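Presented below is the structure to which this report refers.
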Amino acid sequence: MTNEKQKQIIEFTNVSKKYKEVEALIDVSFVINKGDIFGYIGHNGAGKTTTLKILVGLIRDYTGDVLIAGESLKSHPDFSNLIGYLPQDVGFQEWRTVNHALITFGLLSGMKKSDLTQRILEILEMVGLTDVRHRKIKYLSGGMQQKLKLAQALLHDPQVLILDEPMSGLDPTSRFQMKNIIRKLAASEKTILFSSHILGDVADIATTIGIIKEGVIQRIGSPLELQNELTEGDAIELVGHNLSASITKIQALPNVERVELTSNRHDRLVVTYSTDTDIQNATILLMAFLSENKIAIQNFNYLKPSLEQVYLKYMAGGTTQ
Amino acid sequence: MSFAILFWDELRGFVKSKIMLALWIGMPLLAILMHFIQPDTEGLPISVLTGMLISAMGGALAAVLLSTSIVNESNAKVYDLYLIRPVKRHNILLAKYFAVILNLCIATILSLAIGLLIDRFTIGLPTEQIFMATLDSLVMSIAAMSIASAIGILIGILVKSVGLAAILSLYLGQQLSLIVMLPGVYFENINLMLFSAAVGIPLTIIIILVEIFIFSKKQF
């Protein structure tokens, strides 16, 4: 096995799934490497949950192949020890307490009862539910129930976490806590695949982003790659006094495509370069020009397109890869 | 392994949700009520009368209990958290089935024992005939409840509405389970205990096998 293959923990190859007449997934292919935080984004009904359910074995009648740690899901259908799953919509029986639910799921995951007590304490501490350990689940808030879903997914210490809309229904504080937990888990070498229809959540924590629309993967890449691909060229923002007087000279610098000016209390110039420009060299030249001409600036920024622009581009019917 | 965990979990659920309490107290209470509501049983011992009542009512209870519980849990996606673990699908159904049957059997035995006690104080010591008739009732009740429970599970798997599941369970679960009582109505000299067991066991097994097959193909 090559090093590249050894790094891959999840591999989807031409996976398709149909619900009666509706094609939920069409030739979905992607690879997730160990330690990645893969943010899977798309509108409601785009096919995110179907993808995740295939991965955890809840959907079995699909075409194509899914490899987990190099083994096919079809020939080795039980990867439950390797995978922890936080489902989007799931209920707990009303009579259960937090502690009892975790004991049951732990035992069903094959854990020993003697190990469970300590492990439950650790997990509850991690997700911030220690105080409600003996409370009935039906009396927990939506945010607490979401954390409990995460707790049951973490109980058996899986290497891969599949989280379906983990931030859904959380208030801003819980959302912040959930993101921190995910980051901590990734730092402890867990591989995380999470879905969301909220771009901000994905942009905040994902190391790789997959965009899906109507069952078709539109684009996969790191946040930086996706941002870079959208721009016509890098841009630099300058803020200072009387910058408008220098527009013509800046326009004449190598590779400058256009210069836009907005004036308020200060002048704000946006210098856009052509796509093949080495932005480091361009910055040096621009700085040298400003220095030679004794032009004082108060602010200097590299401008990148936002992930929102990238997302909207694909959702509006961008190219399919 | 997963069967034992799920079975004890179901029993715990019955205790926590007070269903076990309602069955264990409610059904024996019926036996006592029978004595006060219908003191003139035209020679039929209370134990036998209770047995007949429980055969009919216990079956309906079991069918409704199982079907509505499965529909509720399926709709709430409770099973997702089981099925992502090394749990065999059929164990989920079998654990539910045996937990309900165990509860109902204990409630039935308690009810019949109270019926026998009442008979002891009203018509004297139970004769061998009364004792055998009570035993017949017990086996018949269990056979009827076994079939009804199996039908309840089948309805729970096939139906998505709790209301519809309850109605179908009452119609089908109760009526079909009474098949074990029919020979007693038409023939006088038939061995009811033997017939109930001979019909109840294979019919229950067949229905359970069918539902295990359907459940294993079900999409979650």
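The values are calculated or read from the model by the stated rules, or taken from the named source; none is laboratory data. All figures in this text were calculated on a predicted structure; none of them were measured in a lab. Backbone-built Cβ (ideal geometry, glycine too); neighbour counts: all protein chains shown. Areas reflect the complete protein model, heavy atoms only, side chains present, ligands, DNA and RNA absent. Shrake-Rupley method; radii C 1.70, N 1.55, O 1.52, S 1.80 Å.
Per-structure values
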item: Output for segment A:90-130, where each listed residue is closer than 19 Å to A:LEU170 by Cβ, within 14 Å of chain B (Cβ to nearest Cβ) and either at pLDDT 90 or above or part of a helix (DSSP H, G or I) (or both); result: A:VAL98
item: Single condition B:PHE121 does not satisfy, out of (1) within 30 Å of A:ALA153 (Cβ to Cβ); (2) away from chain A (no Cβ under 14 Å); result: (1)
item: Meets criteria (of a type outside the set (Asp, Glu), free of Cβ contacts under 8 Å to residues at least 24 places away in the same chain and assigned to a helix (DSSP H, G or I)) for A:SER246; result: no
item: Residue among B:LEU61, B:LEU30 that is more than 14 Å from chain A (Cβ to nearest Cβ), open to solvent by 50 Å² or more (accessible area, probe 1.4 Å) and in a helix (DSSP H, G or I); result: B:LEU61
item: Verdict on A:MET178 being open to solvent by less than 40 Å² (accessible area, probe 1.4 Å), without any contact (Cβ under 8 Å) to a residue 60 or more places away in the chain and assigned to a helix (DSSP H, G or I); result: yes
item: Per-region count, segment A:191-223, residues over 23 Å from A:SER16 (Cα atoms) and either open to solvent by less than 40 Å² (accessible area, probe 1.4 Å) or part of a helix (DSSP H, G or I) (or both); result: 11
item: Residue in segment B:8-19 that is farthest from the other protein chains (Cβ to nearest Cβ), counting only those that are hydrophobic (A, V, I, L, M, F, W, C) and open to solvent by less than 30 Å² (accessible area, probe 1.4 Å); result: B:LEU11
item: Count - residues of segment A:131-159 that are under 25 Å from A:THR191 (Cβ atoms) and part of a loop (DSSP other than H, G, I, E, B); result: 5
item: Tally, over segment B:119-132, of residues that are surrounded by fewer than 20 Cβ atoms within 10 Å (Cβ to Cβ), assigned to a helix (DSSP H, G or I) and touching a residue at least 40 places away in the same chain (Cβ under 8 Å); result: 1
item: Candidate set: segment B:170-220, residues that are closer than 25 Å to B:HIS90 by Cβ and not in a helix (DSSP H, G or I); chosen: the one most open to solvent (accessible area, probe 1.4 Å); result: B:GLN219
item: Residue check, B:ASN103 touching a residue at least 24 places away in the same chain (Cβ under 8 Å) and within 13 Å of chain A (Cβ to nearest Cβ); result: no
item: Residue selected from segment A:160-175 under the condition in a loop (DSSP other than H, G, I, E, B) and of a type outside the set (S, T, N, Q), by the criterion surrounded by the most Cβ atoms within 10 Å (Cβ to Cβ); result: A:PRO166
item: Members of segment A:35-89 that are surrounded by fewer than 18 Cβ atoms within 10 Å (Cβ to Cβ), of a type in the set (Lys, Arg) and away from chain B (no Cβ under 11 Å); result: A:LYS74
item: Test result for A:LYS17, among the basic types (Lys, Arg) and assigned to a strand (DSSP E or B); result: yes
